[in-house]
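**Student:** Sharing a structure with you now.
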Amino acid sequence: MSAFEYASGLISIVVGLAVARALGGVGTFSVASDRSASDWIVVSWCLAILLVMVGWWMTGWTALRVQAEIAFSTLFVWIVASALLYLAAYVLVPGTSIEPGSGSEASLRPVRSAFYLYLAAHFALAFLLGLTQGTFVVTDGASSTALLPSLIPAAMMTGLSAVGAALHSERSRALHLVIWVTALAVVIGQSALTLG
């Protein structure tokens, strides 16, 4: 096995656990009998963070597969950044045991400040990887194509994610979610234009 296969397997496990947690939130929402405004915000965040997880996994695949050797420090930062996505998903959907016939109600809790901080820390590590390892650049022979036009999107997503920790009302958190998803769509659109 190559170093890339080991690294991608480990990253995939951590990201897979995060995806399962976020999908669990969508499942909890779908079986809940009463839905509050905070439930809608949580399930929307579950879907938004799924996009981030898939994007992170694809970025890892693209950036790490071209490396002949992967340094321990690089792999460690990739694992920590992936673990931050898992922790964000865990805080977002801490888990609800729903057993058929038990009478327990499925419910989601309001988004906690720690969710936003874990998300901001993930994007900060993505920025660090881009800065130190050239994560956002793919070398193809003599030419290199930037996956993201610059490191500005990662820095922007870091700050925008951290802002959510200071918000307390459901209305302000819903507005923040809309702005965050719009910014993420712009980043994804820029990436697609750069690759296309």
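**Student:** Starting from the Cα of V66, step 7 Å along the direction of its Cβ; do the same at L51; then give the gap between the two resulting points in nm.
**Tutor:** Rounded to a tenth, the inter-label distance reads 2.5 nm.
**Student:** Assuming 0.36 nm per residue, please report the length gained on full extension of the stretch I152 to S172 beyond their Cα-Cα distance.
**Tutor:** Computed gain between I152 and S172 is 4.7 nm.
**Student:** Also, I was wondering about something else. Let me know the Rg and Dmax you get for the stretch 1-55 when you use only its Cα atoms, in Å.
**Tutor:** For the stretch 1-55, the Cα-based Rg and Dmax read 14.7, 50 Å.
All of the numbers you see were taken from the coordinates with simple rules; none came from a lab. This structure is a prediction, so every number in the text was calculated from the model and none was measured. All Cβ positions, glycine included, derive from the backbone under ideal geometry; neighbour counts span all protein chains shown.
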